[in-house]
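Accompanying notes for the structure given below.
The values are calculated or read from the model by the stated rules, or taken from the named source; none is laboratory data. Since the model is a prediction, treat every value here as computed from it, not as a measurement. Every residue, glycine among them, receives a Cβ derived from its backbone with ideal geometry; neighbour counts consider all protein chains shown.
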Amino acid sequence: MRPHSRTFLDPPAGMADPGSAAAVLLPVPYEGGVSWGRGAALGPEAVLEASGELEVYDEALRFETCRMGIATSAPPEDLSGPEAMIASVRRSTRSILEAGLYPMVLGGDHSVSVGVFQELAARHGRLSVIQLDAHADLRDSYQGDPLSHACTMARIRERTSDTLQVGVRSLCREEADRILREGIPLCTMEAFRSGTFDLEDAIRRLPDPVYLTLDVDVLDWSVVRATGTPEPGGFFWHEALDLLGTIFRERDVVGFDVVELSQDVPDRNAAFAVAKLIYRMLGLKLASEVDRGRIRWPEAPAGPLLAVSGGA
């Protein structure tokens with residue numbers, strides 16, 4: 001793994017060293033799959049910059065999550081096109097896994113998730129996916145491109161039928177028909193707010209291990225407005241954190257991504273919110289391992305604390 005010139009957070013000395021870290025953030029500044037607003041390629045660098053302003057003490061977890069050690073990888077080497085990007089993201093993810101580190105991926109548009117998922121699926125054999133997103137991303141092709149960000153879950157479901165989609169509030173007829181035809185578990189935002197979908201039960205029924213992909217357009221505009229395909233009516237901050245707490249508590253999440261921040265230079269709030277979200281998600285993963293009795297809260301980085309087991 002090649003280290004990045006900038007580290008996630010501004011952590012105390014020795015807490016960002018790849019040689020002793022437990023987790024790594026992989027930024028993927030790619031937007032070749034977008035269909036409307038641009039700026040996703042600028043998102044990762046903006047988040048890294050904003051992360052330096054975060055407090056490393058998490059008031060909800062009452063712990064400094066960075067004590068596990070959080071390294072930052074250089075971006076994948078070849079982002080010249082969709083196929084090259086997916087292959088390059090797979091190689092970077094493989095390098096992270098081979099080092100025993102817990103993978104966190106920061107997009108870039110949602111198409112970057114395909115490469116991460118493919119590598120984790122190859123390692124585990126069976127892998128479920130939870131998608132938090134305003135869009136279903138189930139089109140087989142969009143604007144002539146099967147690797148568009150609008151097709152991410154279609155590509156993922158070629159490998160696994162164990163998926164759960166949450167927060168959706170924008171569908172085309174093709175996607176709606178497919179959801180009904182295949183019985184795809186999908187909780188719209190309307191169903192979430194009305195309580196007509198038993199989301200906790202759906203989360204518990206999903207087989208482990210789980211990959212979690214979060215498109216920031218799942219969030220309300222009061223939390224993040226800088227995204228390429230915005231939709232009104234998303235999760236508020238604490239709603240999202242409560243849901244993430246349930247996911248990490250109930251399932252074995254072996255990696256996650258946060259994608260689709262379209263950096264708007266005057267808007268510093270969105271990048272800061274995404275940085276804080278990533279830090280909380282990693283903290284929730286750490287807390288879940290402590291709660292299961294697998295590890296203790298770390299005092300200092302000591303290597304692959306969250307090592308992901310799996311096949312080849």
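Is there a residue in segment 245-252 that is at pLDDT 95 or above, within 13 Å of the chain's Cα centre (by Cα), within 25 Å of residue 157 (Cα to Cα) and surrounded by 15 or more Cβ atoms within 10 Å (Cβ to Cβ)?
First, pick out the residues of segment 245-252 that are at pLDDT 95 or above: 245-252.
Restricting the remaining residues to those that are within 13 Å of the chain's Cα centre (by Cα) gives 247-248.
With the extra rule that they be within 25 Å of residue 157 (Cα to Cα), the set shrinks to 247-248.
Those still in the list that are surrounded by 15 or more Cβ atoms within 10 Å (Cβ to Cβ) too: 247-248.
Yes, the conditions are met somewhere in segment 245-252.
Can we say residue 170 is under 19 Å from residue 240 (Cβ atoms) and surrounded by fewer than 12 Cβ atoms within 10 Å (Cβ to Cβ)?
Numbers: under 19 Å from residue 240 (Cβ atoms): yes; surrounded by fewer than 12 Cβ atoms within 10 Å (Cβ to Cβ): no.
No.
If the Cβ limit is 8 Å and pairs must be 6+ apart or interchain, which residue in segment 176-189 that is without any contact (Cβ under 8 Å) to a residue 60 or more places away in the chain and under 23 Å from residue 234 (Cα atoms) pairs with which residue that is among the hydrophobic types (A, V, I, L, M, F, W, C) and part of a helix (DSSP H, G or I)?
Going by the 8 Å Cβ cut-off, the qualifying pairs are 185/202; 186/179; 187/199; 187/202.
Which residues, counting only those in segment 193-218, are without any contact (Cβ under 8 Å) to a residue 40 or more places away in the chain and either closer than 28 Å to residue 263 by Cα or not β-branched (Val, Ile, Thr) (or both)? Full working, then the answer.
Going through segment 193-218, the residues without any contact (Cβ under 8 Å) to a residue 40 or more places away in the chain turn out to be 193-198, 201-202, 205.
Answer for segment 193-218, where residues must be without any contact (Cβ under 8 Å) to a residue 40 or more places away in the chain and either closer than 28 Å to residue 263 by Cα or not β-branched (Val, Ile, Thr) (or both): 193, 194, 195, 197, 198, 201, 202, 205.
Mind listing whichever residues of segment 125-135 are surrounded by 20 or more Cβ atoms within 10 Å (Cβ to Cβ) and either part of a strand (DSSP E or B) or modelled with pLDDT under 95 (or both)?
Step one: filter segment 125-135 for residues surrounded by 20 or more Cβ atoms within 10 Å (Cβ to Cβ), giving 127-135.
Correct list: 128, 129, 130, 131, 132, 135.
I need a count of the residues in segment 181-205 that are among the polar types (S, T, N, Q) and either closer than 23 Å to residue 139 by Cβ or crowded, with 16+ Cβ neighbours inside 10 Å (or both). Lay out the reasoning, then the answer.
So the first thing to find is which residues in segment 181-205 are among the polar types (S, T, N, Q), and the list is 188, 194, 196.
With either closer than 23 Å to residue 139 by Cβ or crowded, with 16+ Cβ neighbours inside 10 Å (or both) added as a condition, the list becomes 188.
Adding up the residues that qualify gives 1.
Does residue 285 qualify as being farther than 24 Å from residue 118 by Cβ and either free of Cβ contacts under 8 Å to residues at least 24 places away in the same chain or not acidic (Asp, Glu) (or both)? Please lay out each step first, then the result.
On the way: farther than 24 Å from residue 118 by Cβ: no; either free of Cβ contacts under 8 Å to residues at least 24 places away in the same chain or not acidic (Asp, Glu) (or both): yes.
No: the conditions fail for residue 285.
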